[in-house]
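None of the figures in this text is laboratory data; all of them are computed from the coordinates on show. Just so it is clear, the structure is predicted and the values come from calculations on it, not from any experiment. Methodologically, a virtual Cβ is constructed for each residue, glycine included, from the backbone with ideal geometry; neighbour enumeration extends over all protein chains shown.
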């Protein structure tokens, strides 16, 4: 996914430095060429040898460090880098960068960089909220630096508040967003729905299904990585929204329908991966329904058909993709849905097939258009999402 990119990590003096070897390892395992530069104070928290073992590259502490073959490191590394991350970024180094001071390996290298630069501030809350530090951060934003907002929480000094560096997995997500793949969907707007809807019976009980939202979230993430402007309308899941998207949480089928109507007109591609309830209770009990010795019947009514609405109100050049989860006659039912709902593409799967269906990390999809069927093998849902987007993008380009 990363196509042999070069990542430069800058580590400054702060207790959060202990988290960065994990990040360096994560990046190296993806095939990235990772180089690490440290301030002398950073070496008080973690040793250069740790990074050298994890990345297979020499770790620099001194701008004028002599190596064989000889090299002007801060210039050579700046030219080589596809992306730079300074984490943790201390108040001291933030101030130096913001004011063009270059008196160590990190600040000297950054002045020579022309690639995207991410800064992850990490410090005591009082320091982070100091107006001088905030002014320096704003100055960096003005110059085009990407600032990763620190988390709030318990700090090493015992205080609680803003200034906590995000976990390595969060930092990794920013680099993944920047480097993971070609931005072939840049300029496109993509709407994705995901997860299960919930239809309330009373304040305690709901009607829902087994959807985890994993497939829809994988599609949204893949589209964002490829440069699209993504809106994700999601039912309740246990998943964190992908980085860099417009996230719209909903609960019921009615709420999802209303949110889709707000966004659909301006979208280039719409992918309906949500498991939306077909029926909802006719009435809602304001009090918990008490059990009795008798059987209980619940009267249901149809929910709004979101896909049908989109097919009937299709915008010019818009691509509509639906999902069809079946237990029998998968291809026949999916093709009927494709025609009946006026879709361009449908991703069909059978929950009875091993590795496919709800709550799994894998799927077995058949991509169906009016012209052809493409059966995909068992694969991770993130990989399957790329195939869905490839098919949707191809159809979009054909319409242009």
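I need the Kirkwood Rh of the range 6-179: take the reciprocal of the average 1/r across all distinct C-alpha pairs and report it in angstrom.
On the way: mean 1/r = 0.0626 Å⁻¹.
This gives a value of 16.0 Å.
Neighbour counts of other C-beta atoms within 10 Å: give me 59, 157, 115 arranged from fewest to most. Show your work: numbers first, answer last.
Values: 59 24, 157 13, 115 17.
If I rank by nearby Cβ atoms, fewest first, I get 157, 115, 59.
Over what distance in Å are the Cα centres of the range 278-302 and the range 1-52 separated?
Taking the Cα centre of each part, the range 278-302 and the range 1-52 sit 57 Å apart.
Please give the helix 131-142 orientation as an angle from the longest Cα principal axis of the chain, in degrees from 0 to 90, rounded to the nearest 10.
70
Compare 19, 214, 189 in a GNM of the chain, Cα atoms joined below 10 Å, and give the one with the largest fluctuation.
Judging by the Gaussian network model, the answer is 19.
Give the separation of the Cα centroids, the range 338-361 to the range 176-240, in Å.
16
Compare the peptides 121-128, 145-152, 270-277 by average per-residue count of other Cβ atoms within 10 angstrom and give them in order, highest first.
Ranked by mean Cβ neighbours within 10 Å, highest first: 270-277, 121-128, 145-152.
By how many nm would the segment from residue 57 to residue 302 grow when fully extended, if each residue of separation counts as 0.36 nm and the alpha-carbon distance is taken off? Before the final figure, lay out the partial values.
On the way: separation 245, 0.36 × 245 = 88.20 nm, distance 6.13 nm.
Full extension from residue 57 to residue 302 adds 82.1 nm.
So how tilted is helix 168-179 from the main axis of the chain? Cα-based, degrees 0 to 90, rounded to 10.
For helix 168-179, the angle is close to 80 degrees.
Report the residue, chosen from 131, 69, 116, that carries the largest GNM mean-square fluctuation when the chain is represented by alpha-carbon nodes joined by springs under 10 Å.
In this elastic network of the chain, the residue with the biggest mean-square fluctuation among 131, 69, 116 is 69.
If I model a spin label at residue 200 and residue 151 as a point 7 Å from the Cα along the Cα→Cβ vector, what separation in nanometres do I get?
Going by the 7 Å Cα→Cβ label model, 3.1 nm.
Would you mind estimating how fast the chain diffuses translationally, via Stokes-Einstein at 37 °C and 0.692 mPa s with the Kirkwood radius over Cα pairs, in µm²/s? Walk me through the numbers on the way to the answer.
Numbers: Rh = 23.8 Å.
My calculation gives 138 µm²/s for D.
For the chain, what does the relative contact order come out to in percent, with C-alpha contacts under 8 Å and a separation of six or more? Please report the intermediate quantities before stating the final value.
Working: 830 pairs, mean separation 43.5, N = 400.
Computed value for the chain: 11 percent relative contact order.
Order these by the 10 Å Cβ neighbour count, fewest first: 172, 154.
Lowest to highest Cβ neighbour count: 154, 172.
In degrees between 0 and 90, to the nearest 10, how far off the longest principal axis of the chain does helix 381-399 point, with axes built from Cα atoms?
80
Relative contact order of the range 6-179: what whole-number percent is it, with Cα pairs under 8 angstrom and at least 6 residues apart? Intermediate results must be reported in sequence, preceding the final value.
Working: 330 pairs, mean separation 39.8, N = 174.
Computed over the range 6-179, the figure is 23 percent.
Round to the nearest 0.05 the FRET efficiency obtained for residue 288 and residue 351 when R0 = 30 Å and r is the Cβ-Cβ distance.
On the way: r = 32 Å, r/R0 = 1.07.
After rounding to 0.05, the efficiency reads 0.40.
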